[in-house]
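Quick notes on the structure that follows.
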Amino acid sequence: MRVPLSKPDITQKEIDAVVGVLKTPYLSIGPQITAFEQSIARYVGTKYAVGVNSGTSGLHLLIRSLGITEGNEVITTPFSFVASANCVLFERAKPVFVDIDPVTLNLNTDLVEEKINEKTKAILAVHAFGYPAEMKKLQVIAKNYDLAIIEDACEALGAIYEGKKVGTLSDAAVFAFYPNKQITTGEGGIIVTDNEEIARLCRSMRNQGRGEGSAWLAHERLGYNYRLDELSAALGVAQMARLEDILAQREKVAKRYNEKLRKIEGVKTPTTGKNVRISWFVYVIQLDESINRDEVMAYLEKHGVGCRPYFSPIHLQPFYKDMFGYREGDYPVTERVSRSTIALPFYNTITEEELEYVVKTLADAIVTVGN
Ligand SMILES: *Cc1c(COP(=O)(O)O)cnc(C)c1O
């Protein structure tokens, strides 16, 4: 049996929606992106949504629209996908890392204040694996030091923190729609905000710096081509119509895994949390330190079970080490967690048979590899 790490959930509705676009003259800048933006804004509960061609593009536009530039610092987590720190580097500002909480795997808010200085402009919080970051504490810190907050919610569409949807807990947030996310547009992302100025700047910058309603070749500012095309947006609209079903199904799969994996010694299942609704993005276990994680992963791969060591710390990526001189030991919690994690196959259409095969193969792997 082969069980992939992830798989998008595409039905005939999505296929019809995309084919429908191909029968119109509007393949970019048309009605689908507007419909997708409205659907996300309505669901998340923000005034504005601005569709872009990737989550990374969305993060970049937020850094720019906040005026973050050379000489500035942004506080963020090293336990994330590399794009959440790279977006700061794009503008020659410096990402300043803060180690994580070993339970939530998000920014340890107790360590944030000591990193703030006159160069600090913003806190970029990541809701890692769809588990909401401690936003209340970050909001207090941001207010005291007059900082902006950006949510990298690329893994967390639909997650809820103390009764509020993620994406509404900061100045602006980004969701992403790569095929392994909760819903997909192929490639794509979206910025959400209640701030009219941020929305206006992002709209302009995604479209080559054009002003609203200005002539096609009139450019008011430096911009990019970060537009989301109509085929992708139509796919997004069709996926959004099924979002709650998709999230419920993912939660069911996570619960099945939790039940079964709790019985395996040496395996720690993901935190389920209080006062939060996790939007299940990936299903990541941690192995006891006495078990050789890499050998377990090799065993899983050999037996057809897709897996990945989520995440590899950002500060230990070769170019971060070169640029900033980071070394092993700089962020010990992040490093310890990173050495023990395995993302297991996780998608809403996974069958009971596939899930049982994954669990059995993992149990075999642990026994075979030995302690
Ligand atoms: C997916 C993801 C992004 C954005 O990814 P794109 O591939 O650019 O859409 C950003 N940050 C995190 C934490 C992510 O998981």
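The values are calculated or read from the model by the stated rules, or taken from the named source; none is laboratory data. Worth saying up front: this structure is predicted, and the values here are computed from it rather than measured. Ideal geometry is used to build each Cβ from the backbone, glycine not excepted, and the neighbour counts take in all protein chains shown. Surface areas here come from the heavy atoms of the whole protein model, side chains and all, with no ligands, DNA or RNA. Shrake-Rupley method; radii C 1.70, N 1.55, O 1.52, S 1.80 Å.
Dividing the alpha-carbon radius of gyration of segment 97-242 by the rule-of-thumb value 2.2 N^0.38 Å gives 1.17. In a GNM of the chain with a 10 Å cut-off on Cα contacts, which of I68, I350, I15 has the highest mean-square fluctuation? Top of the fluctuation ranking is I15.
Mind jotting down a quarter of the surface of the convex hull over the alpha carbons of segment 150-226, in square nanometres, one decimal? Intermediate values should be presented prior to the final figure.
Values: hull surface 23.3 nm².
Computed as one quarter of the Cα hull surface, the answer is 5.8 nm².
Can you tell me how much longer the chain between L27 and L111 gets when fully stretched, taken as 0.36 nm per residue apart minus their C-alpha distance, in nm with one decimal?
Details: separation 84, 0.36 × 84 = 30.24 nm, distance 4.69 nm.
Extra length from L27 to L111 when fully extended: 25.5 nm.
What do you reckon, how do T11, T77 stack up by accessible area (1.4 Å probe), largest on top?
Details: T11 40, T77 0 Å².
Accessible-area ranking of T11, T77, largest first: T11, T77.
For segment 72-169, lysine pairs with C-alpha atoms less than 19 angstrom apart, excluding pairs fewer than eight positions apart on the same chain, total 15.
For the chain, with every protein chain kept in place, what is the accessible area per residue (1.4 Å probe, Å²)? Walk me through the numbers on the way to the answer.
Values: 16320 Å² over 371 residues.
Dividing the accessible area of the chain by its residue count gives 44 Å².
Taken about its Cα centre, the chain carries a charge dipole of about 480 debye when Lys and Arg each add +1 at the Cβ and Asp and Glu each add -1 at the Cβ. Backbone amide hydrogens, once placed in the peptide plane, bring V3 within less than 5 Å of V305, G306, excluding anything fewer than 5 places away on its chain.
Within the listed set Y224, Y131, Y257, the Gaussian network model of the chain (springs between alpha-carbon atoms below 10 Å) gives the highest mean-square fluctuation for Y224. Each Lys or Arg adds one and each Asp or Glu subtracts one; over the other residues with Cβ under 14 Å from the Cβ of V18, this totals -3. Based on the Stokes-Einstein relation at 20 °C and a viscosity of 1.002 mPa s, and on the Kirkwood radius from alpha carbon pairs, segment 257-371 is assigned a translational diffusion coefficient of 139 µm²/s. The local environment of G45, defined by Cβ-Cβ distances under 12 Å, has a net charge of +3 under the rule Lys, Arg +1 and Asp, Glu -1. Rg and Dmax of segment 198-264, both derived from C-alpha coordinates alone, stand at 20.7, 64 Å.
Contact order normalised by length for the chain, with contacts defined as Cα pairs under 8 Å and 6 or more residues apart; what percent is it?
Across the chain, relative contact order equals 23 percent.
Radius of gyration (Cα atoms) of the chain, expressed as a multiple of 2.2 N^0.38 Å: 1.00.
Which three numbers, in whole Å and largest first, are the semi-axes of the equivalent ellipsoid of segment 42-133 derived from its Cα gyration tensor as √(5λ)?
Values: eigenvalues 86, 70, 28 Å².
Taking √(5λ) for each Cα gyration eigenvalue gives 21, 19, 12 Å.
Sequence-distant contacts, meaning Cα pairs under 8 Å at least 6 residues apart, place the relative contact order of segment 282-354 at 49 percent.
In segment 1-18, whose amide N lies under 19 Å from the spot 7 Å out along Cα-to-Cβ of K263? List them in ranges. Output list for this probe position: empty.
If you take every residue apart from L124 with its C-beta less than 9 Å away from the C-beta of L124, what net charge results, scoring Lys and Arg +1 and Asp and Glu -1?
Values: positive: none; negative: E151, D152.
Within the 9 Å Cβ shell, the charges total -2.
Calculate for the chain the 222 nm mean residue ellipticity that helices alone would give, adding -39,500 (n - 2.57) per DSSP H run of length 4 or more and normalising by residue count, nearest 500 deg cm²/dmol.
Values: 12 runs with 140 residues, N = 371.
It comes out at -11500 deg cm²/dmol, rounded to the nearest 500.
Taking the accessible area of the chain, probe 1.4 Å, and keeping the other protein chains in place, the carbon and sulfur fraction comes to 50%.
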